[in-house]
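Single-structure report; data block below.
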Amino acid sequence: MNQPLQVAKPALAEDESHAQDARAYRVVAKRIEEIIREQQIPAGGRLPSERELAARLDVGRALVREAMIALELSGIVEVRLGSGVYVNEKLHITPNVNEAGSGPFEILSARKLIESEIAAVAARMATDSAIDAILNAVNDMERFYSDRKRNEEADRTFHLAVARATGNMAYVQVIEGLWNQRGRLWSKMDEHFHTDELRHATLADHRRILEAIATHDAAGARRAMRAHLERVTREFSRGWSLKDSTVPRDPDFPGAGN
């Protein structure tokens, strides 16, 4: 018979007293560990739904999702497609997941704010050669559509090319910094939720951004970039609901809906 998971009791008070220094998802992850212990959920046992955990912990569902991915990286839980999140039956705990930078949804939120305006500036300032560089990145995304690694490299090149089109290297450094924060937490979430549908939609989004910049339509470029990053957030959110099929989508949660 499976035995309840024994997880070292987290120092919640210490984490909470240093809330400004701790990554928020780490604090939530430790609280979820506490719930596993309090409810004596055994190895192989299913955790409460994302909605239940968010309500119990009084945090947003995106934060719970990031915490779950951190726990998966630590070897404490297992995410099962179309079923939910379970205490890992083959428990192999990595005590500390040292994740530099921000969580995936924090990065996406920052990118929506920053890259939308960068796209608008690019539309006003782009030279013919800058537009060609963006076009080349879009063409590479299409050419390497089935090669996930090279497709992602072309995706990165596209966003940096848009930033370079502004003529302001400070913007390029900001985008590089945001991209470089996509650490293990982002990679694991992308592994779970990056679908072929999202890759196809991303290519179409990039074409719309390119068209707006090429025609020097600043407002259109801003809208197109924001819509693109909102779509990524939506897909990541919708993808999680497929793994937690007992939880209906929440219309008030960012990313819910069509």
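Coordinate-derived values only; no laboratory data. Note that the structure is predicted; figures quoted are calculated from it, not measured. Positions of Cβ are generated from backbone atoms using ideal geometry, with glycine treated the same way; all protein chains shown enter the neighbour counts.
What FRET efficiency do you get for residue 136 and residue 219 if R0 is 25 Å and r is their Cβ-Cβ distance, rounded to the nearest 0.05? Calculated transfer efficiency: 0.50. Here the calculated FRET efficiency for residue 173 and residue 40, from their Cβ-Cβ distance with R0 = 41 Å, stands at 0.25, rounded to the nearest 0.05.
Taking 0.36 nm per residue of separation and subtracting the current Cα-Cα distance, fully stretching the chain between residue 55 and residue 153 would add 31.5 nm. Summarised in one figure, the compactness ratio Rg/Rh of region 104-243, Cα atoms and Kirkwood Rh, is 0.95. Farthest towards the positive end of the charge dipole of region 104-243, among the residues 160, 114, 203, is the Cα of 114, using unit charges on the Cβ of Lys, Arg, Asp and Glu.
Give me the tail of P(r) for region 158-219 as a percent: Cα-Cα pairs with distance above 14 Å. Tail of P(r) above 14 Å: 68 percent of Cα pairs. Annotation for residue 184 and residue 125: the two label points, set 7 Å from Cα along the Cα-Cβ direction, are 3.7 nm apart.
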